[in-house]
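Everything below concerns the one structure shown next.
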Amino acid sequence: SLAARLDRPIVLVGLMGVGKTTVGRRLAEALKRSFVDVDHEIERAADRTVSEIFATHGEAYFREGERRVVARLMGEKAGVIATGGGAFIDADTRALILDKGVAVWLDCDLETLVERTSRRNTRPLLRGGDPAKILAELKEQRSDSYAQAHIHIVTDDGPHHRTVSRIIEAID
Ligand code: S3P
């Protein structure tokens, strides 16, 4: 219900490049809520970039940090939270989000994801081969998990403010 949703953190999930961070920041502004980006919190805590953490400690270690940060944020005052693309794929992290938050799956077509992720090459998972192929595989592997989110928003390649209003409509 609306009342139940309003005092829960709104958690954006979905693939790399879909716009979770940008949309999250603007959604938080529109709702006058705090905004937290999980990747950024992990980087702050580790004093390392996500790429460095993957390179030094591996993905499993990163997922542990991600789980810890999400667990902490789920216990805090309701804000808007942008997750990294793999957070909602981890069963424990997903359970936490579904239990304590309102999960919003931001979804868009592959071409847009490829275009957006190619602007900055900061994603360790896209470095091992052809980014378009890797993103296509991740979309295929992860969609069933993302589909467990409470709300599904299919975005287009247009301006993010449209996505923000559509999330607000969906939550109301
Ligand atoms: C990942 C997505 C990244 C970051 C890490 C792993 C993933 O976040 O957490 O590189 O597994 O999809 P963004 O979705 O913000 O790029």
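The values are calculated or read from the model by the stated rules, or taken from the named source; none is laboratory data. The shown structure was predicted, so the numbers you read here are calculated from the model rather than taken from an experiment. Methodologically, a virtual Cβ is constructed for each residue, glycine included, from the backbone with ideal geometry; neighbour enumeration extends over all protein chains shown.
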Specify the residue that is surrounded by the fewest Cβ atoms within 10 Å (Cβ to Cβ); the eligible residues are those in segment 25-42 that are near the ligand (Cβ under 10 Å from one of its atoms) and not in a strand (DSSP E or B).
His40
Using the structure shown, decide if Ala91 is away from the ligand (no atom under 14 Å from the Cβ), modelled with pLDDT of 95 or more and closer than 25 Å to Glu41 by Cβ.
yes
Before we move on, is Asp90 under 20 Å from Pro131 (Cβ atoms) and among the charged types (D, E, K, R)?
no
Total residues in segment 133-162, condition modelled with pLDDT of 95 or more and part of a helix (DSSP H, G or I):
14
Within the set of pairs 6 or more residues apart or between chains, which connect a residue that is surrounded by 16 or more Cβ atoms within 10 Å (Cβ to Cβ) inside segment 117-136 to a residue that is not in a helix (DSSP H, G or I) with Cβ atoms less than 6 Å apart?
Thr117/Met16; Thr117/Gly17; Arg123/Met16
If I filter segment 58-79 down to residues being of a type outside the set (D, E, K, R) and within 13 Å of the ligand (Cβ to nearest atom), which single residue comes out as farthest from Arg33 (Cα to Cα)?
Gly58
